[in-house]
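K.L.:
Can you read through this structure? Questions will come right after.
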Amino acid sequence: MIPTVVTAGVAIAAAIVAVVVSRLVWRRAQRNQIYETTMRLGFEIPNDGESVHFDELLAVVERSVRELRAEKLESESGAARLQAALDALPVAVMVFDGDGGIIESNAAAVPFLEARHGDALVGAAVSDLIGVSNAGESASTPIELFGPPRRTLVVSTVPLAAESQHGSVAFVEDITERKHLEAIRTDLVANISHELKTPVGAIGLLAETLQGEDDRMIVERLAGRINAEAMRIAQIIEDLIELSRIESVTDTSPMMVDLVELAAEAVDRHRMSATRGQVTVELVGETGTAPIIGDRRQLLSAIGNLVDNAIKYSDPMTSVEVSVRSTDAEVVLSVTDNGIGIPMRDIDRIFERFYRVDQARSRQTGGTGLGLAIVRHAAMNHDARLDVESRLGEGSTFVLTFSRANDPVTAVPEDDSALSRRT
């Protein structure tokens, strides 16, 4: 009986030992598998040569996971910053893979990717040029979109060579404004050359005639013509300088000025030329003050050019009225003449440099063609509205509408130099 009990006890103990040993072997095999896997991933795991310290293994894995998460967050933040930088660009940017599929783009590229209306032509041009750049060559083409509004775009593609795969980047740039400015600059140079060539040529011819002339009356007449042509050149240069100065003004100190007083000064300055042309100039309307905030010199130049223009294009024995009216919110200045008027086709162009409605009359009156350009830029600098009403053969009215200065404390009073210019 006793041997049987002993045998049973031994069997049970052996079974327990077998279970424990199998558990230990399984856990060791599991640790070794984790160890080998983590080593292949690049983790440095402490190992004393006999066994892997399981707690240290878990600590390493946990630390590595935290580092990977931090790297992922940093990568996502960097990608967001890069996308924000791309979206801030005015140029459309699109990145394509080697098969022509879009990978990245910015906000400016959305209209061309959606391919609506005229932008579909740009999208088609991008697709064509991507095929060229994926072959390893840069490409570029201009595109005219007739709108409205009319635009000029340039599509350019550049290959992006990589070791494993190829791709391309496409740029779409709107050069409408640049092209417009280049056209203005070209026209300005041509117009200045033309305007200066005429009086310079006249001075040369008159001086040549004067050299062989003995008659005093003829000499005086020729000298007078030379002086008039020289004054014409001086006026062109002065107007160009004034226009350049007004255009370059980006920030002026606020100054309280009285538009009624400026209008009266402008009328007085041109009273003599009006008398010579047998034109009556009258200041009507407001009798008190009409305060606005602005640059006194610019405003005086603008009003003076409107009055001078009205006198030059008025027939003898007619009148020019300069009116100032004010409300609680606005101050309105208008200059009305009874002259030749402006054809409807020319109203949109009269504020261009050197543009003249009547070339023959401009030559007689000596106008430079810059006066209304000066008026337009002065109005823009003061956030004023500039309107024109005209009927051919009946006359024209130019209207400047300013915001009224209701709080004189916020404005800088006119300095002594401004006061001295009035006297």
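The values are calculated or read from the model by the stated rules, or taken from the named source; none is laboratory data. Since we're looking at a predicted model, the values are computed, not measured. Because the Cβ atoms are built from the backbone with ideal geometry, glycine has one as well, and the counts that use them run over all protein chains shown.
K.L.:
One residue is enough: does the stretch 163-170 have a residue meeting the conditions part of a helix (DSSP H, G or I) and not aromatic (Phe, Trp, Tyr)? Steps first, please.
P.N.:
Step one: list which residues in the stretch 163-170 are part of a helix (DSSP H, G or I), which gives none.
No - not one qualifying residue is present in the stretch 163-170.
K.L.:
Something else now. Would you mind stating whether residue 197 is touching a strand residue (DSSP E or B) at 6+ places or on another chain (Cβ under 7 Å) and part of a helix (DSSP H, G or I)? Before you say what the answer is, go through the steps one by one.
P.N.:
Numbers: touching a strand residue (DSSP E or B) at 6+ places or on another chain (Cβ under 7 Å): no; part of a helix (DSSP H, G or I): yes.
Against the criterion (touching a strand residue (DSSP E or B) at 6+ places or on another chain (Cβ under 7 Å) and part of a helix (DSSP H, G or I)), residue 197 does not qualify.
K.L.:
Somewhere in the stretch 352-369, is a residue buried (at least 19 other Cβ atoms within 10 Å of the Cβ), in contact with a strand residue (DSSP E or B) (Cβ under 7 Å, 6 or more places away or on another chain) and at pLDDT below 90?
P.N.:
For the stretch 352-369, residues buried (at least 19 other Cβ atoms within 10 Å of the Cβ), in contact with a strand residue (DSSP E or B) (Cβ under 7 Å, 6 or more places away or on another chain) and at pLDDT below 90: absent.
K.L.:
Taking residue 310 as meeting all but one of (1) at pLDDT 85 or above; (2) loosely packed, with under 15 Cβ neighbours inside 10 Å; (3) hydrophobic (A, V, I, L, M, F, W, C), write down the number of the exception.
P.N.:
Residue 310 satisfies all of (1) at pLDDT 85 or above; (2) loosely packed, with under 15 Cβ neighbours inside 10 Å; (3) hydrophobic (A, V, I, L, M, F, W, C) except (2).
K.L.:
Shifting gears a bit: Restricting the search to the stretch 140-170, which residues are at pLDDT 85 or above, under 17 Å from residue 97 (Cβ atoms) and among the hydrophobic types (A, V, I, L, M, F, W, C)?
P.N.:
Within the stretch 140-170, 158, 169, 170 qualify.
K.L.:
Has the stretch 284-296 got any residue that is at pLDDT 85 or above, under 39 Å from the mean Cα position of the chain (by Cα) and within 19 Å of residue 235 (Cα to Cα)?
P.N.:
The answer is no, given that none of the residues of the stretch 284-296 is at pLDDT 85 or above, under 39 Å from the mean Cα position of the chain (by Cα) and within 19 Å of residue 235 (Cα to Cα).
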